[in-house]
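> Supplied in C-alpha cells, the structure appears directly below.
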Amino acid sequence: MTQPIIYIDLDGVLADLYGHAQRHLDVEHYSMITDAEFNKWFADANAEELFASLNPFPTNKKLLSYVKNLAGSFNILSSPLNFDREGSIRGKRHWLATYVKDGPKEAIFEHRKYLYAKQPNGTPNILIDDFGKNTALWEEHGGIAIKYQADKDELFLTMEAIGLAYVKICLTSQ
C-alpha cells in the first residue's frame, strides 16, 4: 500500500500574510486591498524580512499535529515571490525554523505545485492550500486538494476532509 504525501502551503494556511498586509496598509480588512496595492506592497518590502516576520495562525499546532499523527510526516509546498525568489525562500525557511519546531520532512518552494500532485506510481497526494488556482491545478493533475484559509475556514472541517482524503487514497491504492 502506498500512502499519499501531504503537502501544506505556508502563506494563508500557517502564516498570516494577509493580516500582515492589512496592518501595514492600514485597511479594515485585507479584502479591501486591491491587487495593485498588494503587488506594490510586496515589491517595496524586503522579502526575507517580510516572510520571517509573519505571525503564525493559532490553528498551526493543531493542524500540523493532526497531519503528523495521521500520515507520520508532511511537506511544506510554498510559492516563492517572483521578484525576490531567494529572499522569500530564506524568510520562509526562517519562519519554519521559528514556528514549526517538529518540522516538515521537506520544504519545497515552487510555483508549479501541481508537479507534486501524484507519485510516480500514480498514487495521488494531498495539498492543503488557500489559493483556489493551486487547488484546481492540483486536482487537474490527479491529486486531492483541500482549500483552507486559516483565518476564514473551520479547522475541524478541514481536518475531517484531510482524514477522509487520506483514508480514501490508502484504501484505493492497495
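The values are calculated or read from the model by the stated rules, or taken from the named source; none is laboratory data. Keep in mind the model is a prediction, meaning the values are calculated, not measured. Cβ coordinates were reconstructed from backbone atoms using ideal geometry, including for glycine residues, and neighbour counts include every protein chain displayed. When the accessible area is computed, the model is the full protein with side chains, heavy atoms only, and any ligands, DNA or RNA have been set aside. Shrake-Rupley method; radii C 1.70, N 1.55, O 1.52, S 1.80 Å.
> Run lengths n ≥ 4 of DSSP H only: what is the helix-derived mean residue ellipticity at 222 nm for the chain, with -39500 (n - 2.57) per run over all residues, to the nearest 500?
Value at 222 nm, helices only, nearest 500: -13500 deg cm²/dmol.
> Follow-up. Taking R0 as 41 Å, what FRET efficiency do you get between residue 35 and residue 102 from their Cβ-Cβ distance, rounded to the nearest 0.05?
That pair, residue 35 with residue 102, gives E of 0.70.
> Ok, one more. Hydropathy first: keep DSSP H helices in the chain averaging at least -0.5 on Kyte-Doolittle, then drop any whose Cα extent along the axis falls short of 20 Å, and list what survives.
155-172
> A further question on this structure: Please compute the modelled spin-label separation between residue 82 and residue 164, points set 7 Å along Cα→Cβ, answer in nm with one decimal.
Here the answer is 3.6 nm between the modelled labels.
> Under 19 Å between alpha carbons, and skipping anything fewer than 8 positions from residue 62 in its own chain: which aspartates and glutamates qualify?
Reachable aspartates and glutamates: 9, 11, 16, 102, 129, 130, 151, 153, 154, 160.
> Moving on to the next point. Treating each Cα of the chain as an identical point scatterer and ignoring solvent, apply the Debye formula and state log10 I(q)/I(0) at q = 0.20 Å⁻¹.
-1.42
> Restricting things to Cα coordinates, could you compute the convex hull volume per residue of segment 115-161 in Å³?
Here the figure is 61 Å³ per residue.
> For the chain, which whole percent of the accessible surface, found with a 1.4 angstrom probe, sits on carbon and sulfur atoms?
Carbon and sulfur together cover 51 percent of it.
> I would also like to ask the following. Pop a pseudo-label 7 angstrom from the Cα along the beta-carbon direction at both residue 172 and residue 131 and give the gap in nm to one decimal.
Label at residue 172, label at residue 131, 2.6 nm between them.
> What does DSSP give for the chain in terms of the percent of beta bridges that are antiparallel, rounded to the nearest 5?
10
> Here's a follow-up. With +1 on the Cβ of every Lys and Arg and -1 on the Cβ of every Asp and Glu, and nothing else charged, how large is the dipole of the chain about its Cα centre, in debye rounded to the nearest 20?
So the dipole magnitude of the chain works out to roughly 700 debye.
> Over what distance in Å are the Cα centres of segment 136-169 and segment 43-68 separated?
19
> Would you rank 23, 85 by solvent-accessible area, highest first, keeping every protein chain in place and using a 1.4 Å probe?
Largest accessible area first, the list is 23, 85.
> Mind jotting down a quarter of the surface of the convex hull over the alpha carbons of segment 79-174, in square nanometres, one decimal?
Answer in nm², one decimal: 7.3.
> Top mean-square fluctuation among 33, 108, 162, Gaussian network model of the chain, C-alpha springs under 10 Å?
Between 33, 108, 162, it is 33 that shows the largest mean-square fluctuation.
> Per residue, how much accessible area does the chain have with a 1.4 Å probe, in Å²?
52
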